[in-house]
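Novice: Take this structure first; my questions come after.
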Amino acid sequence: MTNSTHLAVIGGGPGGYAAAFLAADLGMQVTLIDEAAHPGGVCLYRGCMPSKALLHVAKVLTEAREARAWGVEFAEPALDLDRLRAWKDGVVGRLTGGLGQLSTQRGVTYLRGRAELLGPTSVRVTRPDNPDGDDEPVDLTFTHGILSTGSRPALPAVLSLDSDRVWDSTRALDLPTIPESLLVVGGGYIGLELGSVYAALGSAVTVVEMTSGLLPGADRDLVSVLARRLEGLCQAVLLETTVVGLAEDGDGVRVTLQGDAVAHSEQQFDRVLVAVGRVPNSEIPGLERTAVQRDARGFVMVDGQRRTAEPTLFAVGDLVGEPMLAHKASHEARTAVEAIAGHKAVFEPGAIPAVVFTDPEVAWCGLTETQAKAEGRSVQVTRFPWAASGRAMTLDRPSGVTKLIIDPESEQILGVGIAGSGAGELIAEGVVAIEMGATAADLRLCIHPHPTLSETLMEAAEVFFGQSTHVYRPKRAPRV
(Lines give C-alpha, C1' and ligand atoms only; values in the text may rest on other atoms or scores of the structure.)
Protein backbone atom coordinates (compact mmCIF):
# COMPACT_ATOMS: atom_id res chain seq x y z
CA MET A 1 0.00 0.00 0.00
CA THR A 2 1.60 3.29 -1.10
CA ASN A 3 0.26 6.79 -0.48
CA SER A 4 1.47 10.33 -0.87
CA THR A 5 0.87 13.48 1.14
CA HIS A 6 2.12 17.05 1.21
CA LEU A 7 3.11 16.98 4.89
CA ALA A 8 3.91 13.96 7.04
CA VAL A 9 4.16 14.62 10.78
CA ILE A 10 5.87 11.91 12.83
CA GLY A 11 4.80 12.12 16.46
CA GLY A 12 1.40 13.16 17.79
CA GLY A 13 2.33 15.25 20.83
CA PRO A 14 1.81 19.01 21.35
CA GLY A 15 4.34 19.74 18.63
CA GLY A 16 3.05 17.14 16.20
CA TYR A 17 -0.67 17.72 16.41
CA ALA A 18 -0.23 21.51 16.51
CA ALA A 19 1.77 21.25 13.29
CA ALA A 20 -0.74 18.94 11.63
CA PHE A 21 -3.74 21.06 12.58
CA LEU A 22 -2.22 24.36 11.43
CA ALA A 23 -1.03 22.82 8.18
CA ALA A 24 -4.55 21.52 7.50
CA ASP A 25 -5.98 24.94 8.33
CA LEU A 26 -3.61 26.38 5.69
CA GLY A 27 -4.95 23.98 3.09
CA MET A 28 -2.22 21.33 3.09
CA GLN A 29 -2.83 17.60 2.76
CA VAL A 30 -1.57 16.21 6.07
CA THR A 31 -0.84 12.78 7.52
CA LEU A 32 -0.15 12.51 11.25
CA ILE A 33 1.66 9.37 12.45
CA ASP A 34 1.75 8.12 16.03
CA GLU A 35 1.54 4.80 17.91
CA ALA A 36 -1.28 5.94 20.23
CA ALA A 37 -4.99 5.60 19.51
CA HIS A 38 -5.38 9.39 19.34
CA PRO A 39 -3.02 12.40 19.16
CA GLY A 40 -1.73 13.73 22.47
CA GLY A 41 1.80 12.48 23.04
CA VAL A 42 3.58 12.34 26.36
CA CYS A 43 1.97 15.58 27.55
CA LEU A 44 -1.59 14.28 27.41
CA TYR A 45 -1.01 10.59 28.03
CA ARG A 46 1.93 10.43 30.44
CA GLY A 47 2.88 13.95 31.52
CA CYS A 48 1.26 17.37 31.78
CA MET A 49 -2.39 16.39 32.02
CA PRO A 50 -2.38 13.36 34.35
CA SER A 51 0.12 15.06 36.65
CA LYS A 52 -1.93 18.26 36.85
CA ALA A 53 -5.08 16.26 37.57
CA LEU A 54 -3.30 14.59 40.50
CA LEU A 55 -1.80 17.88 41.68
CA HIS A 56 -5.32 19.31 41.84
CA VAL A 57 -6.35 16.41 44.09
CA ALA A 58 -3.26 16.95 46.23
CA LYS A 59 -4.10 20.64 46.66
CA VAL A 60 -7.68 19.84 47.70
CA LEU A 61 -6.39 17.37 50.30
CA THR A 62 -3.87 19.89 51.60
CA GLU A 63 -6.42 22.69 51.88
CA ALA A 64 -8.89 20.40 53.64
CA ARG A 65 -6.26 19.67 56.28
CA GLU A 66 -5.21 23.31 56.59
CA ALA A 67 -8.81 24.52 56.94
CA ARG A 68 -8.65 23.89 60.69
CA ALA A 69 -6.68 27.11 60.99
CA TRP A 70 -9.61 28.95 59.38
CA GLY A 71 -12.18 27.50 61.75
CA VAL A 72 -13.42 24.78 59.39
CA GLU A 73 -13.12 21.12 60.43
CA PHE A 74 -13.25 18.24 57.93
CA ALA A 75 -12.96 14.57 58.69
CA GLU A 76 -9.71 13.00 57.49
CA PRO A 77 -10.19 12.37 53.75
CA ALA A 78 -10.79 8.75 52.74
CA LEU A 79 -8.83 7.77 49.65
CA ASP A 80 -10.37 5.48 47.02
CA LEU A 81 -7.38 4.76 44.82
CA ASP A 82 -9.36 2.98 42.10
CA ARG A 83 -11.77 5.89 41.69
CA LEU A 84 -8.93 8.41 41.77
CA ARG A 85 -7.09 6.47 39.08
CA ALA A 86 -10.25 6.20 36.99
CA TRP A 87 -10.93 9.94 37.28
CA LYS A 88 -7.39 10.79 36.20
CA ASP A 89 -7.62 8.36 33.28
CA GLY A 90 -11.01 9.84 32.36
CA VAL A 91 -9.49 13.31 32.08
CA VAL A 92 -6.81 11.94 29.76
CA GLY A 93 -9.39 10.03 27.72
CA ARG A 94 -11.60 13.05 27.18
CA LEU A 95 -8.69 15.24 26.10
CA THR A 96 -7.13 12.73 23.71
CA GLY A 97 -10.53 11.79 22.31
CA GLY A 98 -11.23 15.46 21.69
CA LEU A 99 -8.00 15.75 19.72
CA GLY A 100 -9.07 12.77 17.65
CA GLN A 101 -12.28 14.59 16.76
CA LEU A 102 -10.38 17.78 15.87
CA SER A 103 -8.09 15.75 13.64
CA THR A 104 -11.06 14.27 11.79
CA GLN A 105 -12.82 17.62 11.48
CA ARG A 106 -9.74 19.13 9.85
CA GLY A 107 -9.37 16.29 7.37
CA VAL A 108 -6.03 15.13 8.80
CA THR A 109 -5.23 11.51 7.98
CA TYR A 110 -4.20 9.76 11.19
CA LEU A 111 -2.00 6.69 10.82
CA ARG A 112 -1.55 4.67 13.97
CA GLY A 113 1.78 2.87 13.94
CA ARG A 114 5.54 3.08 14.19
CA ALA A 115 7.35 5.21 11.61
CA GLU A 116 10.57 4.32 9.82
CA LEU A 117 12.14 6.84 7.46
CA LEU A 118 12.96 5.32 4.09
CA GLY A 119 14.66 8.50 2.94
CA PRO A 120 14.25 12.30 2.91
CA THR A 121 10.76 12.11 1.38
CA SER A 122 9.33 8.73 2.38
CA VAL A 123 8.30 6.82 5.48
CA ARG A 124 7.03 3.34 6.26
CA VAL A 125 4.38 2.98 8.96
CA THR A 126 4.23 -0.43 10.61
CA ARG A 127 0.89 -1.11 12.24
CA PRO A 128 1.03 -4.15 14.55
CA ASP A 129 -2.29 -5.07 16.13
CA ASN A 130 -4.01 -2.29 14.21
CA PRO A 131 -7.60 -2.06 15.57
CA ASP A 132 -8.83 -1.50 12.02
CA GLY A 133 -7.76 -5.03 11.22
CA ASP A 134 -5.25 -4.04 8.53
CA ASP A 135 -1.73 -4.84 9.71
CA GLU A 136 0.01 -4.26 6.38
CA PRO A 137 2.73 -1.56 6.46
CA VAL A 138 1.96 1.70 4.71
CA ASP A 139 4.64 3.35 2.57
CA LEU A 140 4.06 7.08 2.41
CA THR A 141 5.82 9.66 0.25
CA PHE A 142 5.76 13.31 1.26
CA THR A 143 6.97 16.70 0.14
CA HIS A 144 7.88 17.84 3.64
CA GLY A 145 8.13 16.08 6.98
CA ILE A 146 8.13 17.26 10.58
CA LEU A 147 9.79 15.12 13.24
CA SER A 148 8.14 15.48 16.65
CA THR A 149 8.98 12.28 18.51
CA GLY A 150 9.38 13.87 21.94
CA SER A 151 11.41 12.54 24.85
CA ARG A 152 11.44 9.87 27.55
CA PRO A 153 12.54 9.68 31.20
CA ALA A 154 16.30 9.39 31.68
CA LEU A 155 17.50 6.36 33.63
CA PRO A 156 21.20 6.39 34.52
CA ALA A 157 22.78 2.96 34.93
CA VAL A 158 23.38 3.44 38.67
CA LEU A 159 19.64 3.97 39.16
CA SER A 160 18.59 1.08 36.96
CA LEU A 161 17.05 -1.82 38.86
CA ASP A 162 14.76 -4.41 37.31
CA SER A 163 12.03 -4.09 39.91
CA ASP A 164 8.46 -2.82 39.98
CA ARG A 165 9.48 -0.94 43.12
CA VAL A 166 11.61 1.48 41.07
CA TRP A 167 9.45 3.89 39.09
CA ASP A 168 9.95 6.47 36.41
CA SER A 169 7.49 9.36 36.03
CA THR A 170 5.24 7.34 33.73
CA ARG A 171 4.87 4.55 36.26
CA ALA A 172 4.29 6.98 39.13
CA LEU A 173 1.42 8.59 37.22
CA ASP A 174 -0.27 5.19 36.94
CA LEU A 175 -0.83 5.26 40.73
CA PRO A 176 0.03 1.58 41.22
CA THR A 177 -0.06 2.05 45.00
CA ILE A 178 0.44 4.68 47.70
CA PRO A 179 3.71 3.57 49.28
CA GLU A 180 4.35 4.07 52.97
CA SER A 181 7.73 5.59 52.10
CA LEU A 182 8.93 7.02 48.79
CA LEU A 183 12.38 8.20 47.76
CA VAL A 184 12.34 10.79 44.97
CA VAL A 185 15.66 10.97 43.15
CA GLY A 186 15.90 14.41 41.56
CA GLY A 187 14.86 17.83 42.83
CA GLY A 188 13.71 19.19 39.48
CA TYR A 189 10.15 20.02 38.53
CA ILE A 190 9.09 16.43 37.75
CA GLY A 191 10.38 15.04 41.02
CA LEU A 192 8.92 17.85 43.12
CA GLU A 193 5.51 17.74 41.44
CA LEU A 194 5.11 13.98 41.80
CA GLY A 195 6.70 13.98 45.25
CA SER A 196 4.14 16.59 46.33
CA VAL A 197 1.31 14.42 45.03
CA TYR A 198 2.40 11.32 46.92
CA ALA A 199 3.12 13.29 50.08
CA ALA A 200 -0.42 14.69 50.01
CA LEU A 201 -1.80 11.18 49.39
CA GLY A 202 -0.05 9.92 52.52
CA SER A 203 3.46 8.76 51.62
CA ALA A 204 6.48 9.73 53.69
CA VAL A 205 8.53 11.36 50.93
CA THR A 206 12.28 11.93 50.91
CA VAL A 207 13.82 14.00 48.11
CA VAL A 208 17.49 13.79 47.16
CA GLU A 209 19.13 16.30 44.83
CA MET A 210 22.78 16.13 43.80
CA THR A 211 23.21 19.93 43.47
CA SER A 212 23.17 22.51 46.25
CA GLY A 213 19.55 23.55 45.68
CA LEU A 214 16.18 22.42 44.39
CA LEU A 215 15.12 23.38 40.87
CA PRO A 216 18.66 23.94 39.56
CA GLY A 217 18.79 26.97 37.28
CA ALA A 218 15.84 28.79 38.84
CA ASP A 219 16.44 31.92 40.93
CA ARG A 220 17.08 31.07 44.57
CA ASP A 221 14.64 33.61 46.02
CA LEU A 222 11.81 31.97 44.10
CA VAL A 223 12.89 28.46 45.03
CA SER A 224 13.16 29.36 48.71
CA VAL A 225 9.40 30.02 48.89
CA LEU A 226 8.73 26.44 47.75
CA ALA A 227 11.59 24.94 49.75
CA ARG A 228 10.19 26.27 53.04
CA ARG A 229 6.86 24.61 52.36
CA LEU A 230 8.45 21.32 51.29
CA GLU A 231 10.24 21.15 54.63
CA GLY A 232 6.88 20.61 56.27
CA LEU A 233 5.46 18.40 53.54
CA CYS A 234 8.35 15.97 53.07
CA GLN A 235 10.03 13.59 55.45
CA ALA A 236 13.38 15.00 54.35
CA VAL A 237 15.00 17.02 51.58
CA LEU A 238 18.66 16.06 51.13
CA LEU A 239 20.76 18.40 49.00
CA GLU A 240 24.22 17.67 47.58
CA THR A 241 23.31 14.02 47.90
CA THR A 242 23.63 11.25 45.32
CA VAL A 243 22.31 7.71 45.06
CA VAL A 244 25.22 5.33 44.49
CA GLY A 245 23.35 2.04 44.76
CA LEU A 246 19.93 0.38 44.62
CA ALA A 247 19.07 -3.16 45.64
CA GLU A 248 15.76 -4.90 46.19
CA ASP A 249 15.58 -6.04 49.79
CA GLY A 250 12.52 -7.94 50.99
CA ASP A 251 9.50 -5.65 50.89
CA GLY A 252 11.44 -2.58 49.83
CA VAL A 253 14.46 -1.08 48.14
CA ARG A 254 17.77 -0.64 49.96
CA VAL A 255 19.29 2.64 48.83
CA THR A 256 22.89 3.70 49.33
CA LEU A 257 23.23 7.47 49.65
CA GLN A 258 26.32 9.64 49.60
CA GLY A 259 26.51 13.21 50.87
CA ASP A 260 27.18 15.40 53.89
CA ALA A 261 23.45 15.69 54.69
CA VAL A 262 23.05 11.91 54.99
CA ALA A 263 22.83 10.58 58.53
CA HIS A 264 22.75 6.93 57.43
CA SER A 265 24.28 5.92 54.10
CA GLU A 266 21.93 2.95 53.70
CA GLN A 267 18.20 3.51 53.97
CA GLN A 268 15.11 1.47 53.13
CA PHE A 269 12.15 2.72 51.07
CA ASP A 270 8.99 1.03 49.82
CA ARG A 271 9.36 2.63 46.40
CA VAL A 272 11.91 4.77 44.54
CA LEU A 273 10.92 7.35 41.93
CA VAL A 274 13.72 8.27 39.51
CA ALA A 275 13.13 11.77 38.11
CA VAL A 276 16.52 12.99 36.91
CA GLY A 277 15.45 14.51 33.61
CA ARG A 278 14.49 13.44 30.11
CA VAL A 279 16.34 12.47 26.95
CA PRO A 280 15.18 13.00 23.33
CA ASN A 281 13.63 10.20 21.29
CA SER A 282 16.04 10.86 18.44
CA GLU A 283 16.81 7.24 17.60
CA ILE A 284 14.21 7.41 14.86
CA PRO A 285 14.41 4.32 12.64
CA GLY A 286 15.87 5.23 9.27
CA LEU A 287 17.20 8.62 10.37
CA GLU A 288 20.61 7.55 9.07
CA ARG A 289 19.11 7.50 5.56
CA THR A 290 18.79 11.29 5.73
CA ALA A 291 21.19 14.20 6.28
CA VAL A 292 19.64 15.02 9.68
CA GLN A 293 22.32 15.68 12.30
CA ARG A 294 22.28 15.25 16.08
CA ASP A 295 24.44 16.93 18.72
CA ALA A 296 26.44 15.24 21.48
CA ARG A 297 23.36 15.01 23.73
CA GLY A 298 21.23 13.42 21.03
CA PHE A 299 19.15 16.48 20.14
CA VAL A 300 18.31 16.99 16.46
CA MET A 301 20.00 20.13 15.16
CA VAL A 302 17.77 22.74 13.51
CA ASP A 303 17.90 26.33 12.31
CA GLY A 304 15.63 29.23 13.24
CA GLN A 305 12.81 27.85 11.11
CA ARG A 306 13.25 24.39 12.69
CA ARG A 307 14.63 22.97 9.43
CA THR A 308 17.18 20.17 9.80
CA ALA A 309 20.25 19.64 7.64
CA GLU A 310 17.90 17.68 5.36
CA PRO A 311 15.96 20.39 3.44
CA THR A 312 12.71 18.42 3.37
CA LEU A 313 12.69 17.62 7.09
CA PHE A 314 11.89 19.86 10.06
CA ALA A 315 12.02 18.97 13.75
CA VAL A 316 10.30 20.48 16.80
CA GLY A 317 9.73 20.02 20.53
CA ASP A 318 11.76 18.00 23.02
CA LEU A 319 13.56 16.42 20.07
CA VAL A 320 15.47 19.65 19.33
CA GLY A 321 16.50 20.78 22.81
CA GLU A 322 15.57 22.51 26.00
CA PRO A 323 13.42 23.76 27.47
CA MET A 324 11.42 20.56 27.10
CA LEU A 325 8.01 22.16 27.38
CA ALA A 326 4.76 21.45 25.54
CA HIS A 327 4.03 25.10 24.78
CA LYS A 328 7.49 25.60 23.33
CA ALA A 329 6.92 22.59 21.05
CA SER A 330 3.58 23.95 19.83
CA HIS A 331 5.05 27.32 18.90
CA GLU A 332 8.02 25.70 17.17
CA ALA A 333 5.52 23.63 15.20
CA ARG A 334 3.71 26.74 14.03
CA THR A 335 7.02 28.24 12.89
CA ALA A 336 7.92 25.11 10.92
CA VAL A 337 4.52 24.97 9.20
CA GLU A 338 4.62 28.67 8.35
CA ALA A 339 8.07 28.14 6.80
CA ILE A 340 6.79 25.16 4.78
CA ALA A 341 3.90 27.32 3.59
CA GLY A 342 6.41 29.88 2.30
CA HIS A 343 5.69 32.52 4.91
CA LYS A 344 8.33 34.57 6.70
CA ALA A 345 8.74 32.80 10.03
CA VAL A 346 11.48 32.23 12.58
CA PHE A 347 11.41 30.90 16.14
CA GLU A 348 12.89 33.65 18.30
CA PRO A 349 10.69 34.15 21.39
CA GLY A 350 11.65 36.78 23.92
CA ALA A 351 10.18 34.78 26.77
CA ILE A 352 9.31 31.10 27.14
CA PRO A 353 7.47 30.66 30.45
CA ALA A 354 8.42 27.83 32.80
CA VAL A 355 6.07 26.69 35.56
CA VAL A 356 6.55 24.24 38.41
CA PHE A 357 3.04 23.19 39.42
CA THR A 358 3.75 22.48 43.07
CA ASP A 359 2.00 24.23 45.95
CA PRO A 360 3.12 26.99 45.91
CA GLU A 361 3.80 27.22 42.19
CA VAL A 362 7.03 28.69 40.85
CA ALA A 363 7.09 30.41 37.45
CA TRP A 364 9.46 32.57 35.47
CA CYS A 365 10.04 33.89 31.95
CA GLY A 366 12.61 35.92 30.08
CA LEU A 367 15.95 36.78 31.68
CA THR A 368 16.47 35.38 35.17
CA GLU A 369 18.59 36.99 37.86
CA THR A 370 20.82 33.90 37.79
CA GLN A 371 21.41 34.31 34.04
CA ALA A 372 22.09 38.03 34.39
CA LYS A 373 24.80 37.37 36.98
CA ALA A 374 26.35 34.60 34.88
CA GLU A 375 26.45 36.89 31.82
CA GLY A 376 27.68 39.91 33.75
CA ARG A 377 24.65 41.95 32.69
CA SER A 378 23.72 45.04 34.64
CA VAL A 379 20.10 44.76 35.75
CA GLN A 380 17.90 46.04 38.53
CA VAL A 381 15.81 43.54 40.43
CA THR A 382 12.65 44.67 42.14
CA ARG A 383 10.44 42.49 44.34
CA PHE A 384 6.97 42.72 45.81
CA PRO A 385 6.49 40.44 48.83
CA TRP A 386 3.11 38.73 49.01
CA ALA A 387 2.97 39.45 52.72
CA ALA A 388 1.91 42.93 51.56
CA SER A 389 -0.84 41.54 49.31
CA GLY A 390 -4.33 41.61 50.73
CA ARG A 391 -5.47 38.86 48.38
CA ALA A 392 -2.58 36.60 49.37
CA MET A 393 -3.50 37.09 53.01
CA THR A 394 -7.12 36.11 52.38
CA LEU A 395 -5.88 32.92 50.71
CA ASP A 396 -3.54 32.21 53.64
CA ARG A 397 -0.63 32.26 51.16
CA PRO A 398 1.43 35.31 52.24
CA SER A 399 4.85 33.74 51.64
CA GLY A 400 5.02 34.38 47.90
CA VAL A 401 6.99 36.92 45.92
CA THR A 402 6.77 38.63 42.52
CA LYS A 403 9.98 39.98 40.98
CA LEU A 404 10.90 41.93 37.88
CA ILE A 405 14.27 41.96 36.11
CA ILE A 406 14.63 45.43 34.61
CA ASP A 407 17.17 47.11 32.37
CA PRO A 408 18.46 50.05 34.48
CA GLU A 409 18.91 52.32 31.46
CA SER A 410 15.81 51.76 29.34
CA GLU A 411 13.70 50.49 32.26
CA GLN A 412 12.45 47.73 29.94
CA ILE A 413 11.20 44.55 31.61
CA LEU A 414 13.62 41.74 30.76
CA GLY A 415 12.35 39.00 33.02
CA VAL A 416 9.60 38.11 35.50
CA GLY A 417 9.59 35.58 38.32
CA ILE A 418 6.73 34.57 40.61
CA ALA A 419 6.50 32.13 43.51
CA GLY A 420 3.11 31.62 45.07
CA SER A 421 -0.39 30.31 44.60
CA GLY A 422 -1.45 30.50 40.93
CA ALA A 423 1.95 31.67 39.69
CA GLY A 424 1.47 29.60 36.55
CA GLU A 425 -1.54 31.68 35.57
CA LEU A 426 0.03 35.01 36.55
CA ILE A 427 3.23 34.53 34.56
CA ALA A 428 1.39 34.99 31.25
CA GLU A 429 1.20 38.73 31.89
CA GLY A 430 4.96 38.75 32.27
CA VAL A 431 5.37 37.00 28.91
CA VAL A 432 3.20 39.61 27.19
CA ALA A 433 5.11 42.45 28.87
CA ILE A 434 8.47 41.11 27.68
CA GLU A 435 7.33 40.26 24.16
CA MET A 436 5.75 43.72 23.74
CA GLY A 437 8.83 45.51 25.06
CA ALA A 438 6.97 46.99 28.02
CA THR A 439 8.75 49.14 30.55
CA ALA A 440 8.29 49.25 34.30
CA ALA A 441 6.25 52.43 33.81
CA ASP A 442 3.94 50.64 31.36
CA LEU A 443 3.23 47.92 33.89
CA ARG A 444 2.80 50.39 36.73
CA LEU A 445 0.24 52.41 34.77
CA CYS A 446 -1.92 49.39 33.87
CA ILE A 447 -4.81 49.34 36.35
CA HIS A 448 -5.15 45.90 37.93
CA PRO A 449 -8.28 44.70 39.73
CA HIS A 450 -8.26 44.77 43.51
CA PRO A 451 -7.93 42.58 45.46
CA THR A 452 -6.11 40.11 43.22
CA LEU A 453 -2.75 38.41 43.03
CA SER A 454 -2.27 40.01 39.62
CA GLU A 455 -1.77 43.31 41.46
CA THR A 456 1.60 42.03 42.64
CA LEU A 457 2.99 42.57 39.12
CA MET A 458 1.81 46.18 39.09
CA GLU A 459 3.09 46.77 42.61
CA ALA A 460 6.46 45.20 41.79
CA ALA A 461 6.76 47.86 39.07
CA GLU A 462 5.79 50.50 41.64
CA VAL A 463 8.53 49.22 43.95
CA PHE A 464 11.00 49.91 41.15
CA PHE A 465 10.08 53.60 41.34
CA GLY A 466 9.96 53.59 45.14
CA GLN A 467 6.24 54.38 45.01
CA SER A 468 4.49 51.16 45.98
CA THR A 469 1.35 51.82 48.02
CA HIS A 470 1.79 48.76 50.21
CA VAL A 471 5.59 48.53 50.46
CA TYR A 472 7.94 51.30 51.50
CA ARG A 473 11.14 50.72 49.61
CA PRO A 474 13.03 53.62 47.98
CA LYS A 475 14.42 52.98 44.52
CA ARG A 476 17.76 51.23 44.67
CA ALA A 477 20.88 51.62 42.57
CA PRO A 478 21.25 49.14 39.67
CA ARG A 479 22.46 45.64 40.57
CA VAL A 480 24.69 43.33 38.60
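Novice: Condition check: farther than 15 Å from S224 by Cα, surrounded by fewer than 24 Cβ atoms within 10 Å (Cβ to Cβ), in contact with a helix residue (DSSP H, G or I) (Cβ under 9 Å, 6 or more places away or on another chain) and at pLDDT below 95. Does G366 satisfy that?
Specialist: No, not satisfied.
Novice: Could I ask something else about it? Quick check on segment 186-201. Is at least one of its residues of a type in the set (F, W, Y) and in contact with a helix residue (DSSP H, G or I) (Cβ under 8 Å, 6 or more places away or on another chain)?
Specialist: yes
Novice: Let me ask something else about it. Could you go through segment 418-428 and let me know if any residue there is part of a helix (DSSP H, G or I), open to solvent by less than 70 Å² (accessible area, probe 1.4 Å) and not small (G, A, S).
Specialist: Checked segment 418-428: at least one residue is part of a helix (DSSP H, G or I), open to solvent by less than 70 Å² (accessible area, probe 1.4 Å) and not small (G, A, S).
Novice: For segment 410-441, give me the residue count where each residue is free of Cβ contacts under 8 Å to residues at least 24 places away in the same chain and of a type in the set (D, E, K, R).
Specialist: 1
Novice: For the list (1) closer than 30 Å to N281 by Cα; (2) open to solvent by 30 Å² or more (accessible area, probe 1.4 Å); (3) touching an Asp or Glu at 6+ places or on another chain (Cβ under 8 Å), I need the number of the one condition that R391 fails.
Specialist: (1)
Novice: Separate question: Residue check: is I413 within 23 Å of L226 (Cβ to Cβ), at pLDDT 95 or above and of a type outside the set (S, T, N, Q)?
Specialist: Against the criterion (within 23 Å of L226 (Cβ to Cβ), at pLDDT 95 or above and of a type outside the set (S, T, N, Q)), I413 does not qualify.
Novice: Separate question: Which pairs have Cβ atoms under 6 Å, sit 6 or more apart or on different chains, and link a residue in segment 371-398 that is touching a residue at least 24 places away in the same chain (Cβ under 8 Å) and under 26 Å from P449 (Cα atoms) to one that is hydrophobic (A, V, I, L, M, F, W, C) and open to solvent by 60 Å² or more (accessible area, probe 1.4 Å)?
Specialist: Nothing qualifies.
Novice: Next question, about the same structure. Only one of these is over 26 Å from L55 (Cα atoms), surrounded by fewer than 19 Cβ atoms within 10 Å (Cβ to Cβ) and not charged (D, E, K, R): L414, L445, L404. Name it.
Specialist: Within the list L414, L445, L404, the selection yields L445.
Novice: While we're looking at this one, here's another question. Tally time: how many residues in segment 330-355 are under 30 Å from A423 (Cα atoms) and in contact with an Asp or Glu (Cβ under 7 Å, 6 or more places away or on another chain)?
Specialist: 4
Residue-wise test of (1) among the basic types (K, R); (2) over 27 Å from the mean Cα position of the chain (by Cα).
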site	(1), (2)
G16	no, no
A19	no, no
G40	no, no
R65	yes, yes
E73	no, yes
A86	no, no
G100	no, no
R106	yes, yes
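Novice: Another question about this same structure. Scan segment 1-46 for residues that are in contact with a Pro (Cβ under 7 Å, 6 or more places away or on another chain) and part of a loop (DSSP other than H, G, I, E, B) and report the count.
Specialist: Count: 1.
Novice: Quick check on S468: is it surrounded by 13 or more Cβ atoms within 10 Å (Cβ to Cβ), of a type in the set (S, T, Y), more than 22 Å from A363 (Cα to Cα) and touching a strand residue (DSSP E or B) at 6+ places or on another chain (Cβ under 8 Å)?
Specialist: Answer is yes for this residue.
Novice: Return yes or no: is S169 touching a residue at least 60 places away in the same chain (Cβ under 8 Å) and touching an Asp or Glu at 6+ places or on another chain (Cβ under 7 Å)?
Specialist: No.
Novice: Another one. Is it the case that F357 is hydrophobic (A, V, I, L, M, F, W, C), open to solvent by 20 Å² or more (accessible area, probe 1.4 Å) and under 24 Å from A227 (Cβ atoms)?
Specialist: Against the criterion (hydrophobic (A, V, I, L, M, F, W, C), open to solvent by 20 Å² or more (accessible area, probe 1.4 Å) and under 24 Å from A227 (Cβ atoms)), F357 qualifies.
Novice: Inspect all residues belonging to segment 47-63 and state whether any of them is surrounded by 14 or more Cβ atoms within 10 Å (Cβ to Cβ), modelled with pLDDT under 90 and either on the phi < 0 side of the Ramachandran plot or out of contact with any Gly (no Cβ under 6 Å at 6 or more places or on another chain) (or both).
Specialist: Looking for residues that are surrounded by 14 or more Cβ atoms within 10 Å (Cβ to Cβ), modelled with pLDDT under 90 and either on the phi < 0 side of the Ramachandran plot or out of contact with any Gly (no Cβ under 6 Å at 6 or more places or on another chain) (or both), one finds at least one in segment 47-63, hence yes.
Novice: May I pose another question? So is V272 closer than 18 Å to A204 by Cβ and within 23 Å of the chain's Cα centre (by Cα) or not?
Specialist: yes
Novice: I'd like the residue in segment 258-286 that is farther than 21 Å from P153 by Cβ and of a type outside the set (G, A, S) and, out of all such residues, is surrounded by the most Cβ atoms within 10 Å (Cβ to Cβ).
Specialist: Only one residue tops the list, namely Q267.
Novice: Determine, yes or no, whether E409 is among the charged types (D, E, K, R), closer than 22 Å to G217 by Cβ and open to solvent by 60 Å² or more (accessible area, probe 1.4 Å).
Specialist: Criteria not met by E409.
The values are calculated or read from the model by the stated rules, or taken from the named source; none is laboratory data. In this text, all values refer to a predicted model and were calculated from it rather than measured experimentally. We place every Cβ from the backbone using ideal geometry, glycine too, and count neighbours over all the protein chains shown. Heavy atoms of the whole protein, side chains included, go into the accessibility calculation; ligands, DNA and RNA do not. Shrake-Rupley method; radii C 1.70, N 1.55, O 1.52, S 1.80 Å.
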